Amino acid sequence: MNKKTLLAALALLSLATAACGRPFDVKTAPGFIELDDQAPSYDYRAMTPEGVVFAVRAVDVDDKGDIAFWARAITLRFRQSNGYALVDTKDIESRDKTPGKELDFGHDESGKPFTYRVRLYRAQSRLFIAEAGGTKEQMERYKDTVDWMLSSVRVKCGSIVAPVLASHTCNKW
């Protein structure tokens, strides 16, 4: 992937969708609170008192790039910009059986190890990014809860009439 293609891909990632509601469904687990004041590029964020953060965003990508393309773009960005190392990758499915990819990253900051997990899905002409991160110690403490939240993500409209009659944003979860 050349630098121009990577920059274009990353520019697409930085754009958040403008919609009235969330184009996905996610459940907030006990021990997390949903944050009302979302960061501009996130559609959903929740956190624990210890600082483990869980977030989901949906990015309009039309038909640009498949999961392998976006996984590679994110891996390169995190390696080059943030110093994260890719520790593991695996194929996964969302709650509605949409195929995706999970990327696990590691990073040391001031001598303290951090863990960052990202799940990617393509549906509704969007790239859905579900992510969780925190210190390695706290991510291990909340492992089952983070796994449950990651597994709760649904990215396809649940209506039998979707996408013909359902909202493009599926904001009636």
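Where a number appears in this text, it was derived from the coordinates with a stated rule and is not lab data. Bear in mind the structure is a predicted one, so any value in this text is a computation, not a measurement. Here Cβ is always computed from backbone atoms with ideal geometry, including for glycine, and neighbour counts include all displayed protein chains.
What the table below lists for this structure:
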item: Gain in span if fully extended, SER152 to LEU35, counting 0.36 nm per residue against the direct Cα distance; result: 40.4 nm
item: Rh (Kirkwood; distinct C-alpha pairs) - region 3-152, Å; result: 15.8
item: Cα-Cα over 29 Å, subset of LYS101/LYS143; LYS64/LYS112; LYS112/LYS156; result: LYS64/LYS112; LYS112/LYS156
item: Net charge contributed by nearby residues that have their C-beta within less than 15 Å of PRO99 (K/R +1, D/E -1); result: +4
item: Set of aspartates and glutamates with alpha-carbon distance to LYS27 below 18 Å, sequence-local pairs under 8 removed; result: ASP36, ASP37, ASP43, GLU93, ASP96, GLU131, ASP144, ASP147
item: Estimated FRET transfer efficiency when R0 is 30 angstrom, pair LYS136-ASP96 (beta carbons, to 0.05); result: 0.50
item: q = 0.17 Å⁻¹, region 39-106: log10 I(q)/I(0) [Debye, one scatterer per Cα]; result: -0.84
